[in-house]
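Accompanying notes for the structure given below.
The values are calculated or read from the model by the stated rules, or taken from the named source; none is laboratory data. Given the structure is predicted, the values throughout are model-derived calculations rather than measurements. Cβ sites come from the backbone with ideal geometry, for glycine too, and all protein chains shown count toward neighbours. What goes into the accessible areas is simple: the full protein's heavy atoms, side chains included, and nothing from ligands, DNA or RNA. Shrake-Rupley method; radii C 1.70, N 1.55, O 1.52, S 1.80 Å.
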Amino acid sequence: MKLQQLRYICEIARAGLKVSDAAANLFTSQPGISKQVRLLEEELGVQIFRRSGKHFADITPAGREIIKRAEQILLEVRNIKELAQEHADEGHGSLSIATTHTQACYALPDTIQRFRVQYPKISLHIHMGTPVQIAEMAARSEVDFAIATEALELLEDLVTLPCYHWNRCVVAALDHPILKESPLTLERLAAYPIVTYVYGFTGRSTLDRAFAAKGLKPDVVFTATDSTTLKTYARLGVGVGIMAKMAFDPQVDIGLGMIDASHLFPSSTSHIAFRRGAVLRKYMYDFIQLFASHLTHELVDTAVRLETKQERERLFETKLPELPVR
């Protein structure tokens, strides 16, 4: 049994059983992967994948258990390398983060800038995707950290830590009548066409629940995955924008007016997550604390030892700040 064979079966599972995609992701050949999988199955005496002709059609029950153990082994291999690198040279390494467009553009820049000053020889890699994609990337150890508002707590393989609360604002073209609503209510907001996030992004579920609690069904005419797009279409008059307040900058967003909507919607919480069992190097702990100052090395380690979501919530319930806005 070889580590490379374990990498192959895990990547095939991640690629939806498409060997060609797995080969491309691992920069190797499709025949080579197929041969190594066959050799591993012969050595173990069980099928990992069910075949349909020359293609993999499903993962066998035994295969699911084998792949799960293989992922744990590969995580430990990565941990050994991280430990060795930490002792060899703590100032060198890499840090990969999966996050949404809103977090990458509006919550992370200050942290990244300060981290680069502190660790100029650490290479940084940002991957953007949907909250579900982000969570899965962290669970598969494809990235060191996932940062998002939605979906992270759905995966048991992740240690999820709350970073900050944030709320929303309403934006519209400067001549839009909603900007004269005082005070703005959900009822009045629901009377206008609305531009907001796709469901599953940036606290959209909280927004929907707030309207539903009042028996309102807003007329959502346009959705997008990022705040920049929302602001463009709100400025064009397609609808009234509801978005994260952190994404509004009066010096940049010329032609838009803004109303704080914190009184209309409950706060949402952004989290940072990493694979349970992963070894965090010193610069990784420092990045976490730069992003969320209450998340000290000691507090992170305490959270890792806690077994339930409820225990972690109690640990952080008095420590969570509001995200500063412009």
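Among the GluC sites (Glu not before Pro) found in the range 35-127, those both in a DSSP coil and sparsely packed, with 16 or fewer other Cβ atoms within 10 Å of their Cβ, are Glu90. Neighbours of Phe211, meaning other residues whose beta-carbon lies under 15 angstrom from its beta-carbon, give a summed charge of +3 when Lys and Arg score +1 and Asp and Glu score -1. Of the GluC sites (Glu not before Pro) found in the range 123-214, those that fall in a DSSP loop while having at most 13 other beta-carbon atoms within 10 Å are Glu156. Derived scalar couplings between HN and Hα for the range 276-284 equal 4, x, 6, 7, 9, 7, 4, 5, 6 Hz in order, rounded to whole Hz, by the Karplus curve 6.51 cos²θ - 1.76 cosθ + 1.60 (θ = phi - 60°), x for Gly and Pro. The helix-only estimate of mean residue ellipticity at 222 nm for the chain, built from DSSP H runs of length n ≥ 4 each weighted as -39500 (n - 2.57), is -12500 deg cm²/dmol after division by the residue total. Which percent, to the nearest 5, of DSSP beta bridges fully inside the chain are antiparallel? Close to 55 percent. Loop-located chymotrypsin sites (Phe, Trp or Tyr not before Pro) across the range 192-289 with a Cβ neighbour count of 16 or fewer within 10 Å are Tyr199, with loop assigned by DSSP.
3J(HN,Hα) couplings calculated from phi for the range 238-247 with the Karplus curve 6.51 cos²θ - 1.76 cosθ + 1.60 (θ = phi - 60°) are, in sequence order, 5, x, 7, x, 10, 8, 5, 5, 4, 8 Hz; Gly and Pro show x. For the listed peptides 118-130, 49-61, a ranking on the average number of other beta carbons within 10 Å per residue, highest first, reads 118-130, 49-61.
Under the criterion of Cα pairs below 8 Å and six or more residues apart, the relative contact order for the range 22-154 equals 19 percent.
Amide H contacts of Leu158 (H built 1.01 Å from N, in plane; Pro and chain starts excluded): Arg276 sit under 5 Å, all sequence-distant by 5 or more or on other chains. Across the range 295-311, coupling constants 3J(HN,Hα) worked out from phi with the 6.51/-1.76/1.60 Karplus curve, θ = phi - 60°, read 8, 6, 3, 5, 5, 4, 5, 4, 5, 4, 6, 6, 8, 10, 4, 4, 5 Hz, and Gly and Pro carry x. Solvent-accessible area of the chain (1.4 angstrom probe, protein heavy atoms only): carbon and sulfur portion equals 53 percent.
Dividing the mean sequence gap of close Cα pairs (under 8 Å, 6+ apart) by how many residues the range 216-293 holds gives a relative contact order of 19 percent. In the range 4-60, Cα pairs under 8 Å separated by at least six residues give a relative contact order of 28 percent. Hey, what angle do you get for helix 30-44 against the long axis of the chain, alpha-carbon based, 0 to 90 degrees rounded to 10? Between the helix axis and the principal axis of the chain, the angle is about 60 degrees. Solvent exposure of the chain, expressed per residue, is 50 Å² of accessible area, with all protein chains present and a 1.4 angstrom probe. The amide H of Ala148, built 1.01 Å from its N in the peptide plane, has His271 as neighbours under 5 Å, considering only residues 5 or more places off or on other chains.
Close amide H contacts of Val220 (hydrogens built in the peptide plane, cut-off under 5 Å, sequence separation of 5 or more or a different chain): Ile194.
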